[in-house]
Structures are given as structure tokens and as C-alpha cells.
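Taking it in order: structure first as C-alpha cells, then the write-up.
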Amino acid sequence: MRWQECWNLPESRVEIMKNLYYDVVIAGCGVAGLYAALNLPKEMNILMISKEDLESCDSMLAQGGICVLRDESDYDSYFEDTMRAGHYENRKESVDIMIRSSRDVINDLLRFGVRFAQNPDGSLAYTKEGAHSRPRICFHEDITGKEITTTLLSHVKKMSNVTMTDILEEDGKCTGMIAETKDGEILHIHAENTIMATGGIGGLYEHSTNFPLLTGDACRIAKEHGVELEHMDYVQI
């Protein structure tokens, strides 16, 4: 990834630059944004932006681990546990994708260096959480989110204190995003692919376990551009 085309720009040069051009622009530097960036082709020119510093990323707060399909015999139980936890309103296709891809995701994270708990023989140690009927959670102490986020970040650099304010649209197609720096400079970031990984809306609540910066930016912008939103009443605050 040619990160240097973004990261090494002097601040004075960034301030006068109105238009930026990339293959991919990603809003959000939590686990979702970082993992997406690391799984894109290495020859792509990628820009990641973050509204605040990394320590204010909600992924850093996650204490529990990541559920994973232990083996094929675990599929039916895993599927039922997930559907039941979602009051059977989950999209079945999405649940299936999540379960069947979970092992590959965990293997990816291990290759990146995430230190999931292990048994004495070196196999993954699983714990049981939430609606799961059996232990299938990979974890790192009680700070799994921080472990994953900092590990992925070690492979990626970012531009901080830049906030996505809108997307660029041409002929009904997203062609990038509009962002604002902490100094009020407006940037038009043109890209063939735009990824919104800005988290949820928990920060809008007066009392929340989320950071205040989680204000549903991507949800608001998507709605303004006619993108259909689903299950917005399911909110973890």
C-alpha cells in the first residue's frame, strides 16, 4: 500500500489541498476500517481518515472477544444461538456469511499478530459469552478490542482529526467523500471506492458506553443520499 502518498504530506501542503485522489477512501479507523484496508490489494492507493485520536475509537473499548465457528459440527448451534439472540429478525444470509467466514477472519488476525488466549498445547482457548450456548469466543485478557485494534494499526497509518461530512455523488454513484480538517479546511476526496466504517450512534445519547464522537455520521449521510437503512432500532448504547 502506498501510504506515503498521504502520510508524509507536510501539514501546510494538506491545508491548501482542495482535491485528493485515491483508489479507496475509508472513514473510520476502528477494527472494521483497519481490517478492510489490510484486505485490499496492496497496489491500491488508500486513504483512511479518523475523526479523533485512536484512543477515542470505540473498538478500543471492546472487552469481550470474537465468536468463531469451532468446527462444522458447531454450525447449527452457532446459527440458532445467533438467530435467537436477534429475536429471529436477523437476515439469515448475513448470519451464514458471518459464521462461515469467522475462522478465516480469526486466522487472518493471528497472522497479523493478535495474541488470542491459548491453551498449553498452543490451540486457541475459547470462552462463553452472551447468547452462546457453548464456548466459542476467542479473546485476549479483558481487552480484546484494544489488542486487535493496536495490532492492526501497527500495519496501517492514518490521517487523524479529519471528519467526513458528506459523500461525493455523480449520476447516482458515490465517487468519494467530503471531509473537513480540524482547521476547517474542506477536502474533496475523489475515490473509485468509498468505505464507511464510522461506527454507530451511541455517542448521541446522554448516557452511553460509547465515545461521544460516535454520532452516526455514515447513517445520516447515507439516508440523505437515499441509501436504505435497516434495523435502526437495534442500538447498543
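The values are calculated or read from the model by the stated rules, or taken from the named source; none is laboratory data. The structure presented is a predicted model; accordingly, all values stated were derived computationally and were not measured. Don't worry about glycine lacking a Cβ; one is built from the backbone with ideal geometry, like all the others, and counts go over all protein chains shown. For accessibility, only protein heavy atoms count, side chains too; no ligands or nucleic acids. Shrake-Rupley method; radii C 1.70, N 1.55, O 1.52, S 1.80 Å.
Couple of notes before you dig in:
- Rel. contact order, % - alpha carbon contacts under 8 angstrom, at least six apart, region 182-222: 32 percent
- The value of relative contact order for the chain, using C-alpha pairs under 8 Å at least six residues apart, is 26 percent.
- Protection proxy ranking of 135-144, 36-45 - average other beta-carbon atoms within 10 Å, highest first: 135-144, 36-45
- Cα centroid of region 114-145 to Cα centroid of region 191-235, whole Å: 29 Å
- Note on the chain: Rg/Rh from C-alpha atoms, Kirkwood Rh, equals 0.98.
- With protein chains left intact and a 1.4 Å probe, residues in the chain average 56 Å² of accessible area per residue.
- GNM flexibility winner over the chain from 105, 31, 227 (Cα, springs under 10 Å): 227
- Proportion of all alpha-carbon pairs of region 74-189 beyond 21 Å (%): 60 percent
- Just the protein heavy atoms count here, and of the accessible area of region 100-166 at 1.4 Å, carbon and sulfur take up 48 percent.
- Relative contact order %, region 60-152, counting alpha carbon pairs below 8 Å whose residues are six or more apart: 44 percent
- Theoretical ellipticity at 222 nm over the chain - DSSP helices of four or more residues, -39500 (n - 2.57) apiece, nearest 500: -8500 deg cm²/dmol
- Cα gyration tensor, region 160-203 - rounded (a/c under 1.5), prolate or oblate: oblate
- Percent of beta bridges antiparallel (DSSP, the chain, rounded to nearest 5): 55 percent
- Per-peptide packing, taken as the mean over residues of other Cβ atoms within 10 Å, places 89-96, 208-215 in the sequence 208-215, 89-96 from highest down.
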